[in-house]
Amino acid sequence: MNSYIKASNAPMKNIGLIKLYNNDDFSQMKKAGKLVAECLNYIEPFIIDGVTTQYLDKLIYDFALSKNSIPATLNYRGYPASSCISLNNVICHGIPSNKKLKNGDILNIDITLILNGWHGDTSRMFKVGKISRKAEILIDTTYQCLMEAIHLLKPGIHTGDIGALIQEIAEGNRFSVVEDLCGHGIGQIFHDHPNILHFGKKGQGYELKEGMIFTIEPMINAGTKDIRLLSDGWTIVTKDKELSAQFEHTVGITRDGYQIFTDG
Ligand code: MF3
Ligand code: CO
Ligand code: CO
C-alpha cells in the first residue's frame, strides 16, 4: 500500500497517510516554528521562584494573540490552556494552575502556535534557581536524545532509527523512555499520522521521505517508564514520582537532510 500522499491532494484531516509538503509549505512552517520558539524565549525571564504557572500561561496567550497567532491547545479536545506546563514528576500535559514555582523545580513548557493555519510545536526544559545534579543530568540527556535523533534525519532512514537512538542514549544513562506518548505528523492539523515513537528498532517503522513534517518530543524518566493519568483527565505523571524531562522540535525532511522549524 502507498502510505504517502502529496499534502496538496489530501483533505485537512488525519487519513492515515503520510503527507508530503512542498517548499511553500516549509516556509509557512518556518514562520510558525520561529514564532513559537520566540514565545519560549520571551517567557524564559519570567520563570522565577514564586510565579504561578497560570501567570506564565496568560503571558503566552497574550504573546500569541499579539503576533496574530492562536495557541493550538486552547479548547483542543477540551484542554483549558494556551500551554502545557509540566513540573518535576509531571511527564506532560500539566495544566497551568495557581501553584507557585519554587527553587529547585524543573519544568517543561510546551507550546503550539497556529500562524496562518500552520502549527509550530515545541517544548523546552527550564530550571528554577539551583537544581539537583540528577535533574541536571536528566535534562542534558533528554536534550541530547532529541538533538542526536534530529541529526540522523534524512530521506531513506526509518522512524525506528529515531526511536532506537533515543532509547540507546536514555538507557545508556540509566534513564527510561516513556512509551505511551509520542511525536506526530503536523502541519495544517495539530496531530497527524504518523506517530513518531521514541523507542524501537533500527530499520523498523516508516521510511522517511522528502517533504515529511513531524515532531520529535522524547519524554525521559529518571525512574521507571510507567505513567499515571491524574483525575483531571490530562496531567500525566511518573508512577514512581521520580523526575521526568522532555524537549520537542518540529522538523521537516529535506532532499538530503532536515530543517528544524522551531529553533528560532
Ligand atoms: N503540545 C503537545 C504535543 O507536543 C500536545 C498537547 S495537547 C493538549 O503534541 F491538549 F494536551 F494540550
Ligand atoms: Co507535539
Ligand atoms: Co508540544
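Summary of values
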{"quantity": "Sequence-separation-based contact order of the chain, relative, with Cα cut under 8 Å and 6+ spacing, percent", "calculated": "23 percent"}
{"quantity": "The stretch 145-238 - percent relative contact order, Cα under 8 Å, separation 6 or more", "calculated": "34 percent"}
{"quantity": "Computed [θ] at 222 nm, helices only, for the chain once each DSSP H run of length n ≥ 4 contributes -39500 (n - 2.57)", "calculated": "-9000 deg cm²/dmol"}
{"quantity": "Highest-first arrangement of 71-79, 208-216, where packing means the average Cβ count within 10 Å", "calculated": "208-216, 71-79"}
{"quantity": "Cα centroid separation, the stretch 215-249 to the stretch 99-160 (Å)", "calculated": "12 Å"}
{"quantity": "Candidates LYS99, LYS154, LYS225: whichever shows maximal mean-square fluctuation once the chain is modelled as a Gaussian network with Cα springs under 10 Å", "calculated": "LYS99"}
{"quantity": "Principal axis dimensions, the stretch 97-253 - Cα atoms, whole angstrom, descending", "calculated": "44, 39, 29"}
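Bear in mind these aren't lab numbers, they're just calculated from the coordinates by the rules spelled out. None of the values given here were measured: they were computed from a predicted structure. Backbone-built Cβ (ideal geometry, glycine too); neighbour counts: all protein chains shown.
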